[in-house]
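Novice: Here you go, one structure.
The values are calculated or read from the model by the stated rules, or taken from the named source; none is laboratory data. Just so it is clear, the model here is predicted, and its values are computed rather than measured. All accessible areas refer to the heavy atoms of the entire protein, side chains included, with ligands and DNA or RNA removed. Shrake-Rupley method; radii C 1.70, N 1.55, O 1.52, S 1.80 Å.
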Amino acid sequence: MIFRDTEIPGAFVIDLERREDERGFFARAWCADEFAAHGLSTRLVQANLSFNASAGTLRGMHFQHAPHEEAKLVRCTRGALFDAIVDLRSDSAAYKRWIGVELTAENRRALYVPEGCAHGYQTLADGTECFYLVSEAYAPDSEGGVRWDDPAFGIEWPPAANRSLSPRDAAWPDFEA
């Protein structure tokens, strides 16, 4: 795997290191030793799959409060999406900064989201699937979120003719430090 640093400490864009031949390719998509070597969580307790029928579907921005903070490894397995994270760690040099990465079934890229960051995505194609591995089980009493368009972050989402959000995601309050 090829780990690329981002502007957010502990967040990585991860590309496959393909071993190709006439049949196609083989690549490792997860390796505890390689993740540990980069100081990343190797704990996996849940795998989630989200299917999104329409382009413009926006999910997020979600996180879990301590003691259930979670790291995620996010990959698009069908279609395409714009994946965004916001650093909510007040002691981070990147506090309140965001990054966005296009993940597609074709580029097979993944994004590692560290604990303490909010995560969300917007689909860029109909029939998009998002698959992600999570380091902590879902804990309803610890769930939190920030609004996708909160001016405290200024995330630059791709244009969408028909953006669709859940009522819950549309109603997250303004961020308060």
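Novice: Need the full-extension length gain, ASP33 to ALA105, defined as separation in residues times 0.36 nm minus the C-alpha distance. One decimal, nm.
Specialist: Details: separation 72, 0.36 × 72 = 25.92 nm, distance 2.51 nm.
Going from the current span to full extension adds 23.4 nm.
Novice: Hey, if we sort THR6, THR104 by accessible area with the 1.4 Å probe, largest down, what's the order?
Specialist: Most to least solvent-accessible, the answer reads THR6, THR104.
Novice: Which whole-number percent gives the relative contact order of segment 22-105, counting Cα pairs below 8 Å spaced six or more residues apart?
Specialist: In percent, rounded to a whole number, it is 20.
Novice: Something else about it: Would you work out what percent of the accessible area of the chain, with all protein chains in place, is carbon or sulfur (probe 1.4 Å)? It would help to have the intermediate numbers written out before the result.
Specialist: Working: 4350 of 9060 Å².
Using a 1.4 Å probe with all protein chains present, the chain comes out at 48 percent carbon and sulfur.
Novice: Name the long-range amide H neighbours of ARG89: under 5 Å, sequence gap of 5 or more, or other chain; modelled H, no Pro or chain starts.
Specialist: LYS96
Novice: Please give the length that would be gained between MET1 and ALA160 if that part of the chain were fully extended, namely 0.36 nm times their separation in residues minus their C-alpha to C-alpha distance (nm, one decimal). Kindly include the intermediate steps, with their values, before the conclusion.
Specialist: Values: separation 159, 0.36 × 159 = 57.24 nm, distance 3.21 nm.
My answer for the length gained is 54.0 nm.
Novice: Ok, one more. Accessible area, 1.4 Å probe, largest first: how do ARG59, ARG19 sort?
Specialist: Details: ARG59 95, ARG19 145 Å².
From most accessible down to least: ARG19, ARG59.
Novice: Compute the separation of the alpha-carbon centres of segment 1-39 and segment 119-163 and state it in Å as a whole number.
Specialist: Value for the Cα centre distance between the two parts: 22 Å.
Novice: Express the relative contact order of the chain as a whole percentage, based on alpha carbon pairs under 8 Å and six or more residues apart in sequence.
Specialist: Dividing the mean separation by the residue count of the chain yields 30 percent.
Novice: Turning to a different aspect of this structure: In percent, how large is the relative contact order of segment 134-176, given Cα pairs closer than 8 Å and 6 or more residues apart?
Specialist: Result for segment 134-176 is 54 percent.
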